[in-house]
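Structure first, commentary second.
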Amino acid sequence: QDTAKPNSDEEQLTETEGWLLRSAFIDLITGLNESLIHGCKIIRFAAAQRNTKEKPFASKAALENYVNKIDDELMGASIPALLLELGAGVKHPLVLINEVQSINKVRNCLIHRNGVVGVRDMNDPEAKVLRLSYLSHRIHALVEDKDHVVDRAFKARSPIIHGITTKAINATSEHPIGSNIRLSTDLFNDVAYTCIVFLQGLRLAVYDLLDVVPDQVVPEIVLVKGGAK
């Protein structure tokens, strides 16, 4: 806090929320990066096994050297490079590649330029903007045959709902050169959802490459008798 320019409670709240969302956004991409590295490792191991009729590694030391080399290469690789390797290694095109690329662009801007968009951040040179692409995930409710987005205003009305569903649509957020990237909880949630959908597709693509059927990954719904909280 700048003591020479004391902020009001509202300003401090806004700054704190912005700092938390910025940190969460960076952590989110850090986790995504680790998942990409592990995906590339699996693909390289599978390729090593396929490309030899004998044991891929003559000794434990040879295996350890191979693993260490992979770790060094992948730890130093950028997210675009990892995405390129994954795309070339799986059987079918990965979904949401462009969205993940744009999310990483925003992350780089937040880290290296404190969220102020520069020339290096642009991914649409003609429009001169950093365009964040993602899936907007919202809950929709049906009230008297009319579709409504479930937001705070809708909840405040407490209407009688005749049906409920979730919808994911393609969305974008544009940030011109010189502008400051402003994050909101809704935008962060949408970006997190986009990353989850991408990683679900990556998981299936890796299993498909290994000719293995993955276990179902779905929320477990358990019905309990009265008394549970």
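Here the extension length gained between A24 and F188 equals 58.2 nm, from 0.36 nm per residue of separation less the Cα-Cα distance. For the chain, find the longest principal axis of its Cα atoms and tell me its angle to the long axis of helix 9-50, 0 to 90°, nearest 10. So the helix axis and the longest Cα principal axis differ by about 20 degrees.
What the chain shows is 68 Å² of accessible area per residue, with the surface traced by a 1.4 Å probe over protein heavy atoms.
Between E144, E34, E174, the residue with the greatest mean-square fluctuation in the GNM of the chain (Cα pairs under 10 Å linked by springs) is E144. Remark: accessible surface ordering of L199, L82 (largest first) is L199, L82, probe radius 1.4 Å.
Treating each Cα of segment 72-162 as an identical point scatterer and summing with the Debye formula, the log10 of I(q)/I(0) at q = 0.21, 0.25 Å⁻¹ comes to -1.01, -1.22. Which one of F188, F154, F198 has the biggest mean-square fluctuation once the chain is modelled by GNM with Cα springs under 10 Å? Ranking F188, F154, F198 by mean-square fluctuation puts F154 first. Once the C-beta distance of K155 and D9 is scaled by a Förster radius of 22 Å, the resulting FRET efficiency is 0.30 to the nearest 0.05.
Under a 10 Å cutoff between Cα atoms, tell me which one of I139, I160, I42 has the largest fluctuation in the Gaussian network model of the chain. Sorting by GNM fluctuation, first place goes to I160. For segment 82-229, with all protein chains in place and a probe radius of 1.4 Å, 55% of the accessible heavy-atom surface sits on carbon or sulfur.
Here r is the Cβ-Cβ distance between N180 and I139 and R0 is 35 Å; the resulting FRET efficiency, rounded to 0.05, is 0.70.
Each principal axis of the Cα atoms in segment 37-93 has its own extent, and those three values, largest first, are 33, 25, 12 angstrom. Rounded to the nearest angstrom and listed largest first, the equivalent-ellipsoid semi-axes of the chain from its Cα gyration tensor are 38, 28, 18. Shown here: segment 1-114, whose C-alpha atoms stretch 70, 33, 18 Å along the first, second and third principal axes, sorted largest to smallest.
The values are calculated or read from the model by the stated rules, or taken from the named source; none is laboratory data. As the structure is a computational prediction, the values presented were derived from the model and not from experiment. With ideal geometry, Cβ positions are generated from the backbone for all residues, glycine too; neighbour counts draw on all protein chains shown. Each accessible area value is taken on the protein alone, full model and side chains, heavy atoms only, with ligands, DNA and RNA left out. Shrake-Rupley method; radii C 1.70, N 1.55, O 1.52, S 1.80 Å.
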